[in-house]
Amino acid sequence: MKIIDGKTVSAAVKDEIKREINDKGIKPCLAVILVGNDPASTVYVNNKKKACEYCGIVSRSYELKEDTSEEELLDLIEKLNLDKEVNGILVQLPVPPHIDGDKVIEAISPLKDVDGFSKVSVGALSTGAEGFVPCTPAGIIELLKRYDVEIDGKNCVVMGRSNIVGKPMAMLLLRRNGTVTVTHTKTKDIKSITKNADILIAAVGKSCLVDADYVKEGAVVIDVGIHRLDPEKNNGKKLCGDVDFDSVHDKVSLITPVPGGVGPMTIAMLMKNTLKAYYIQNK
């Protein structure tokens, strides 16, 4: 069993972006909007700011009050759409319940949709056209590439069908000639499907669900989940993923840990998308 080190790969990707920005003397700009003060969202936004600073990307931060109206948020997005200096726009999700998240995603210009969540981006991904790919699935492909994992002709199983991870992940694996199965809450006898996976991607949102019974000998396992644990009840462990790491690690050939696996890649790919947006807008 070999650990896939997301921190090291993420650092390498950010270093490549930093070099490119320095060499070309360009100034890509990312605008990040946070509505309310959800603690997890605040941490994510701060990490994005730090990554921008490291890579040489100009970071604009808009921290709005919890009671900001949908109209006010949409007005701000429209101003940023028209601002030629801003290349990427990201609204940290989830937004408060009185704001329609789908409307917010669709309000962002497709040329600045660095999260890759809009219908235009999803359409481009599903047809193989050029566009922005959601950062977590893009980060997983980057990890597989850098660890020389062959996707072509392999049995790939994606557990979960969310718009942010599961569906785009399946599309990206298909693009690389993987034979892809997506399992979900209505799938019968999931273990019989996951046990045939050469590459298993767990994005189910249930802590430590995937144990050794789900996994084929020698498989590559990518754990997208992240869950907070009570350290007193879990031998000092504060976080875990969707995969029961201790149960699975002796059976697999490669596995991502939690933390330090997929998580760092998401922000690295956001930086990559922001640079790509700069190029698209300054042909």
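The values are calculated or read from the model by the stated rules, or taken from the named source; none is laboratory data. Because the structure is a prediction, the values reported are computed rather than measured. Reconstructed Cβ throughout: ideal geometry from the backbone, glycine too, with neighbour counts over all protein chains shown.
The numbered conditions (1) touching a helix residue (DSSP H, G or I) at 6+ places or on another chain (Cβ under 8 Å); (2) in a loop (DSSP other than H, G, I, E, B) are all true for Gly153 except (1).
On the stretch given as region 251-277, residues that are in a loop (DSSP other than H, G, I, E, B) and under 12 Å from the mean Cα position of the chain (by Cα) total 2. Of the residues contained in region 195-212, none is found to be under 16 Å from the mean Cα position of the chain (by Cα) and of a type in the set (Lys, Arg). Exactly one residue out of Gly139, Gly160 is closer than 15 Å to Thr194 by Cβ and not basic (Lys, Arg), and it is Gly160. Looking across region 7-34, just one residue is in contact with a Lys or Arg (Cβ under 6 Å, 6 or more places away or on another chain) and either part of a loop (DSSP other than H, G, I, E, B) or over 14 Å from Cys52 (Cβ atoms) (or both), and that is Val9.
Scanning region 206-250 for residues that are in contact (Cβ under 8 Å) with a residue 40 or more places away in the chain and either in a strand (DSSP E or B) or touching an Asp or Glu at 6+ places or on another chain (Cβ under 7 Å) (or both) turns up Val210, Val220, Ile222, Val224, Asp242, Val243. Residues of region 32-59 that are among the charged types (D, E, K, R) and without any contact (Cβ under 8 Å) to a residue 60 or more places away in the chain: Asp38, Lys49, Lys50, Glu53. All conditions but one from (1) in contact with a helix residue (DSSP H, G or I) (Cβ under 8 Å, 6 or more places away or on another chain); (2) surrounded by 19 or more Cβ atoms within 10 Å (Cβ to Cβ); (3) not assigned by TED's automatic domain parsing to the domain that holds Thr181 apply to Ile105; the one that does not is (1).
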